[in-house]
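The values are calculated or read from the model by the stated rules, or taken from the named source; none is laboratory data. Computed from a prediction, not measured in an experiment: that's the story for all the values here. Don't worry about glycine lacking a Cβ; one is built from the backbone with ideal geometry, like all the others, and counts go over all protein chains shown.
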Amino acid sequence: MSEVTAPGGTIYDRGYRHYDGPREGRGRRVRAIAAAGVRRVLGLKRNWKTKVVPWGLLVLAFGPVLAFIGVRVLFAAAADEFFTYAQYLRIVAGLLLLFAATAGPELLCPDRRQNVLALIFTRPVTRSDYLVAKLAALLAVVGLIAVVPLVVLFVGNTLTADSAATYLRQNLDDLGKILIAGSVLTVFYSVIALAAASLTDRRAVATAGLLGVMLGSSALANILFFTAQFDGRRWVAFLSLSGLPGRFVDWLFGAPFDPGTLADQAGFTGPGYLVAMAVVVVVAAAILVWRAMRLRA
Amino acid sequence: MLVAEVEGLSKRYGAVQALDRVDVAIEPGCTGLVGSNGAGKSTLIKLLLGLLAPDQGRASVLGHDVAVDPLAVRARVGYLPEGACLPGDVTAADFVAFMAQLGGLPPRPARERAAEVCYQVGLDEERYRAVGGFSTGMQQRVKLAVALVHDPAFLLLDEPTDGMDPQGREDMLELIARIRGELGIDVLVSTHLLGDVERVCDRVVMVHAGHVLAQGSIAEVAGTTEPGFGIQLADNGPEVLAALAAAGLPARPSGDDLLVQGASDLIRDVAAERGWPLRRLVPRAPSLEETFLRLQAAAGGPPAPEVQPAAPTPEAAWGVRR
């Protein structure tokens, strides 16, 4: 170690030192990958262009809720009811699909495309650690949009009600439904987005592919149901992948399906759509695990 | 204790036998792993890291069996891979800190250590820039920082001077020498540049077509080749080489000279008989290059154009500074 004394202080050149501090285990590694994933999805510590889509979607998810609460606070009688929780969740479901379709590929594709895995897997990181961390990152951010705006809306409705205690007592089960629906939607969109991202190392292809499958399947289901005549055609309701979350949410909150729609005429109830979502998640998870185990450094 | 050891290690990729029953012992110090492209160097390194499973044989690194506990190996080993492998839109400091956390360091020590190690490898203010804007030499420094940041006991460097200009190569070789000399970290340098190995390594392992040709200290391995003479004639063409060979003096070109094996007075006499102006006749100690080419030829391999002779001296460098 060299030392230079100057007026007001001494400069030490310590050189390279061996590290003798604490070393954490698997949890630290998983948290590091997950935290890096959250920063990446939100465009943090990167240039401004990477922040446009995620923060734009966050503004769309939170903005109307905050504006409504502000109006109710300022002009109590002016706003009776905003959207119902079910209606707002169905709007959020559309945002969730867009967000997951961009965030999932952002989490998985660059590491493969830029060959960063050649470095990551030379640390004591297993493929399952890597996968769990990436999924945790996406669940955290998607959950932020799926759950928090609705919780904020519930809290706002409670605080701006004539009697907060009465509102809370009468509507507490809605809070439970918000948490359940938000969690189900979070898992659904996160797993399928990562599965789509695992199939290619190009973000745009993964995003377009996922949106194409989700929206295209719904279009196909509607075409088949309303134009074809065959036994069991009601079952095509379960092919409408982008419609499954909305139908589950409507059932959960006791809202009727829109008259004349595929969901209304197919005659299935919420649990059926929940089972269909579970099947989709299981298939997507199997694809994701299969692809993760094939990752090479 | 050996730093790493492999016994009977084999690995096949389809029809290609990348390694064939290889036995290697890596002793403490700086060891060069030398061979042409496709000789099996990168495969051996990946097997040592546990990134590939061998078809047969076993490997151990720092006392850990790679097949049984690959994570323990990777916790104590630093690796500089060949080729591009850095994220372009992240700063060097952030990425090195992230890799430090993957080595088990808590966040704050990871950031502090990342800053220190970046400085040690020659990345000052550049570490706050995105890696995508770095030159090849700077990217190699980032990879070296990543390999060092978690304080490994053993460094595996795969083509560390790849794509670097002469000054960058000098800087990198100096860093490698410091890592071994001052930091006491054992190093395995995989390269096809024999000059780099002669500069910084104590020992060498030569591989060709999945087999080990020789291993040992550089003096031992180079000493298996008889010393010869460097001569310079007015014409070093193929007729001269054929005439020397016919006189029992095997020769081959080496830069401006011919490397000839045989007695100096016989060489002088042959030149005089043929009327060749003999401008220079100097003894030449056996080099790794000559040994490698001789062993490769004996193993039935072609001359290895990818195996480079000794690196140009700093005086011949472009003068391009980092």
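Summary table below
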| quantity | calculated |
| --- | --- |
| Test: residue in segment B:255-264 that is touching a helix residue (DSSP H, G or I) at 6+ places or on another chain (Cβ under 6 Å) and either more than 30 Å from residue B:28 (Cβ to Cβ) or surrounded by fewer than 19 Cβ atoms within 10 Å (Cβ to Cβ) (or both) | yes |
| Of all residues making up segment A:50-91, the number that are of a type in the set (Lys, Arg) and at pLDDT below 90 | 2 |
| Those residues of segment B:172-198 which are among the charged types (D, E, K, R) and surrounded by fewer than 20 Cβ atoms within 10 Å (Cβ to Cβ), in sequence order | B:174, B:178, B:182, B:198 |
| Candidate set: segment B:12-55, residues that are in contact (Cβ under 8 Å) with a residue 60 or more places away in the chain, farther than 24 Å from residue B:200 by Cα and within 21 Å of the chain's Cα centre (by Cα); chosen: the one surrounded by the most Cβ atoms within 10 Å (Cβ to Cβ) | B:19 |
| Residues located in segment A:264-282, provided they are within 24 Å of the chain's Cα centre (by Cα) and in contact (Cβ under 8 Å) with a residue 12 or more places away in the chain | A:270, A:271, A:272, A:273, A:274, A:276, A:277, A:280, A:281 |
| Residue B:43, sole failed condition from (1) touching a strand residue (DSSP E or B) at 6+ places or on another chain (Cβ under 8 Å); (2) within 11 Å of chain A (Cβ to nearest Cβ); (3) part of a helix (DSSP H, G or I) | (2) |
| Near pairs, Cβ below 8 angstrom, 6+ apart or cross-chain, from segment B:112-137 (under 25 Å from residue A:21 (Cα atoms) and free of Cβ contacts under 8 Å to residues at least 24 places away in the same chain) to any residue that is part of a loop (DSSP other than H, G, I, E, B) and of a type outside the set (A, V, I, L, M, F, W, C) | B:116/A:14; B:116/A:16; B:116/A:17 |
| Single residue of B:56, B:140, B:101 found to be of a type outside the set (A, V, I, L, M) and out of contact with any Asp or Glu (no Cβ under 9 Å at 6 or more places or on another chain) | B:56 |
| Subset of segment B:58-77 [more than 8 Å from chain A (Cβ to nearest Cβ), of a type in the set (Gly, Ala, Ser) and either under 16 Å from the mean Cα position of the chain (by Cα) or surrounded by 18 or more Cβ atoms within 10 Å (Cβ to Cβ) (or both)] | B:59, B:60 |
| Among (1) outside any helix (DSSP H, G or I); (2) modelled with pLDDT of 90 or more, the one test that residue A:295 misses | (2) |
| Flag for residue B:87 being farther than 18 Å from residue A:29 by Cβ, in contact with a helix residue (DSSP H, G or I) (Cβ under 7 Å, 6 or more places away or on another chain) and either in contact (Cβ under 8 Å) with a residue 40 or more places away in the chain or among the hydroxyl-bearing types (Ser, Thr, Tyr) (or both) | no |
| Segment B:141-161 residues that are facing chain A (nearest Cβ under 9 Å) and touching a residue at least 12 places away in the same chain (Cβ under 8 Å), paired with ones that are in a helix (DSSP H, G or I) and of a type in the set (D, E, K, R) (beta carbon under 7 Å, 6 or more apart) | B:149/B:113 |
| Residue list for segment A:181-238, filter: surrounded by fewer than 22 Cβ atoms within 10 Å (Cβ to Cβ) and under 14 Å from the mean Cα position of the chain (by Cα) | A:183, A:184, A:187 |
| Residue that is nearest to residue B:9 (Cα to Cα) [pool: residues in segment B:88-99 that are within 26 Å of the chain's Cα centre (by Cα) and either more than 9 Å from every other protein chain (Cβ to nearest Cβ) or modelled with pLDDT under 95 (or both)] | B:96 |
| All positions within segment B:105-126 that are over 27 Å from the mean Cα position of the chain (by Cα) and buried (at least 23 other Cβ atoms within 10 Å of the Cβ) | B:105, B:110, B:113 |
